[in-house]
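Structure, as structure tokens:
The values are calculated or read from the model by the stated rules, or taken from the named source; none is laboratory data. The structure displayed is predicted, hence computed values, not measured ones. Note that each Cβ is placed from the backbone with ideal geometry, even for glycine, and that neighbours are counted across all protein chains shown. The area values use the complete protein model at the heavy-atom level, side chains included, leaving out ligands, DNA and RNA. Shrake-Rupley method; radii C 1.70, N 1.55, O 1.52, S 1.80 Å.
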Amino acid sequence: MTDLEMSKSEGGKKKLSTRKKATIIMAVILVVAIIAVAVALIVVSEFNVSHKEEGGFVYSLSRGQATILEYTGEDVDVVIPAQIGGRPVVAIAEKAFYKNGEINSITIQSDADNFTIGAQAFSDMDMLVSVVLPDGLKTIPARAFSGCDSLTEVTMGNGVETIEEYAFSECPTLANIYISATSGGKGKADSDYNTQYNMTMPSSLKTIGNFAFYQSITASAASTRKILFNAALTAIGQSAFDGCNRIAFIDYADADTAVSLTEIGNNAFYGCTSLRFTKNTTAGASGVFFLTKALEDRVLESIGDGAFDGCSYSGTSSSRATLKIYEDTESIGDYAFRNVNNIKEVQFYACNPELGEGAFYGASNLATVKYYAEDGTNEDGSVKYSESSETSLSPSLTSIPSLLFYGTGLSGFKLGTTVTAIGDGAFSALTKEGAITIVGGTTDELGNVTGEHFAIYKLAPYYTKETSSSVLYTESNNHYLLMSADKTVIYGYIGAFSDSATYKHGETTAQSHAGQFTFLQNLDINITAIRGYAFAETDFAYIWLPEKLTTFGANVFNGKELSGDDMFYVTFEGKTAEYYNTLLSGNLSEEFLSGIDADGENIMIRLSGGQSAEILNSFNSYFTLTGHYTSTNL
């Protein structure tokens, strides 16, 4: 059989040569490539990211959606449409309107579910007054409106979950935040509600970032602002409302809905000088003060350093707050409530939170601190508590932090037997009789109380003229020293002896002795040390320090103010060079005079015993308060 015959016999088909097969394959590949290029061209055309412009808006397209990049138009009231170039607007790019100094208002009409705004999109717009944000916005980004000096009102949707760092910082005229009616809020039109609460936070808001409203809400036109938080809020960041001195009230909507706030950051409300620690008193407002609510719901875990530092609004005694702290609160930071004057009482319920230095420093109206121990259960099964007669703080606490209750209005504080150490200034600058009670102490015939670790030592009476022109004096026997149990260490002076008061010299009471604190002389106890801040905020012109005192702490006279011709005389009664050399070797703190506010050389250090020029010169260069004191021989 020939080759041709064999080829025909195999199914009657003619076989293709290798060359023809290759040609067919190449043709197929070419067709596929052409199709791919065509598809790619269609995609590029559809999702072109090159810049376009329409109606003054420069925008880009990506995946068929528009992002506004810049505004080049001349309108001062700008409306960003829901669609542009036939495509939905879903985003505003970073710095899109940055430093635009012409626009007065911006309304974003987008109905996109996940609308986004880039960082600094509207920052430093000097003339921007009003903004309406879309309901689909979930995050207000970092510095979005930072530095908008004229921004007065913002409308946003209930869907906002996060306000990032510096978002509304340095917006001094910010006065109103409305929640859009289309997202379930009251909107701008409900004047009754917006009188009750000027600034309502979204119901979905969980986080207010660091410095979010820093140095905003400060203009006089924004006085007594009333803010409403919602229950979803979990964290308030560092300095979030720092310096917002026109905020008067911050409430949750009602007392019944459980809240979620776990953290208040460092300096979160620093310098909010108008903030009340009570609920909004505006007619019709039915809220509850946010801090007391979060504490009593037992969700607030930490209150940061300086969280409410400088919230100095005082109010009347009936309007001041009681803070109830439970075991869920783990820490109260350094100076958290410094100079907060709208608190009258703090109650600790079976808890021992970490208390920071100076946590209640200068809270002048804080009069009462109580500890409540668990005492069975109530009929409804809840824990029952009973006030402790043994301590005002947790019995687990052994050391009281420095400056904890400095300058408060304490009365009847129970210093329990479990406390073995007191930090410098913890009970300094107290003035009320009976400010501290030594639990378990014994009282002698002179009224001195000595406990296991600490003592109260009563000082000789002082006398104050009944009137400036009177020759009659009123005796006061209500000042004393908080001391160690062995009466060697002075922790603090508690009382109100001042320049207007005098002492009895022999049988004579003379106004010529006014302001001379001589009460440490001739004591029948072996005092050896004065701790830091011991005589803080005192208002007398002279003090004598007996020779048996050999150790002196820092800031002993903290808070004393001297100006013009005011003078303060500190007399050391040591007689020998050895005594003064011991002090200068470190027993006398270089910060001894620190904390005195003097505008000239208003302090005279007087040394007894006729000391050498060398010792005087050493004293003149020893203290850190340079330029405000001089040393001399008595």
Quick check: anything in segment 65-86 crowded, with 21+ Cβ neighbours inside 10 Å and outside any strand (DSSP E or B)?
-> no
Being open to solvent by less than 40 Å² (accessible area, probe 1.4 Å) and outside any loop (DSSP other than H, G, I, E, B) is the filter here, so list the residues in segment 197-240 that pass it.
-> Met199, Thr200, Ile208, Ala222, Arg225, Lys226, Ile227, Leu228, Phe229, Ala235, Ile236
Residue within segment 245-256 that is of a type in the set (Ser, Thr, Tyr), open to solvent by less than 20 Å² (accessible area, probe 1.4 Å) and either at pLDDT 95 or above or under 22 Å from Ser216 (Cα atoms) (or both) present | yes
Find the strands (runs of 3 or more DSSP E) located wholly in segment 450-490 whose residues include 3 or more that are open to solvent by 30 Å² or more (accessible area, probe 1.4 Å), and list them.
-> 473-476
Going by the conditions given, is Asn587 open to solvent by 30 Å² or more (accessible area, probe 1.4 Å) and more than 22 Å from Asn617 (Cβ to Cβ)?
-> no
Mind listing just one residue for me: the one in segment 87-117 that is under 37 Å from the mean Cα position of the chain (by Cα) and acidic (Asp, Glu) and, of those, surrounded by the fewest Cβ atoms within 10 Å (Cβ to Cβ)?
-> Asp113
For Ser411, are the conditions met, namely being under 24 Å from Tyr313 (Cα atoms), touching a residue at least 40 places away in the same chain (Cβ under 8 Å) and over 22 Å from the mean Cα position of the chain (by Cα)?
-> yes
Using the structure shown, decide if Thr139 is at pLDDT 95 or above, surrounded by fewer than 23 Cβ atoms within 10 Å (Cβ to Cβ) and not acidic (Asp, Glu).
-> yes
Would you be able to tell me the number of residues in segment 155-195 that are out of contact with any Phe, Trp or Tyr (no Cβ under 9 Å at 6 or more places or on another chain), among the hydroxyl-bearing types (Ser, Thr, Tyr), farther than 18 Å from Leu233 by Cα and not in a helix (DSSP H, G or I)?
-> 2
For segment 397-439, enumerate the residues that are at pLDDT 95 or above and at positive phi.
-> Leu403, Gly407, Gly412, Gly425, Ala429
Say we look at segment 498-508 and pick out the residues that are touching a Ser or Thr at 6+ places or on another chain (Cβ under 7 Å) and open to solvent by less than 40 Å² (accessible area, probe 1.4 Å); which of these is modelled with the lowest pLDDT?
-> Tyr503
Strands (runs of 3 or more DSSP E) completely within segment 360-444 that count 1 or more residues being over 19 Å from Ile303 (Cβ atoms) and open to solvent by 50 Å² or more (accessible area, probe 1.4 Å) | 368-377, 383-387, 436-438
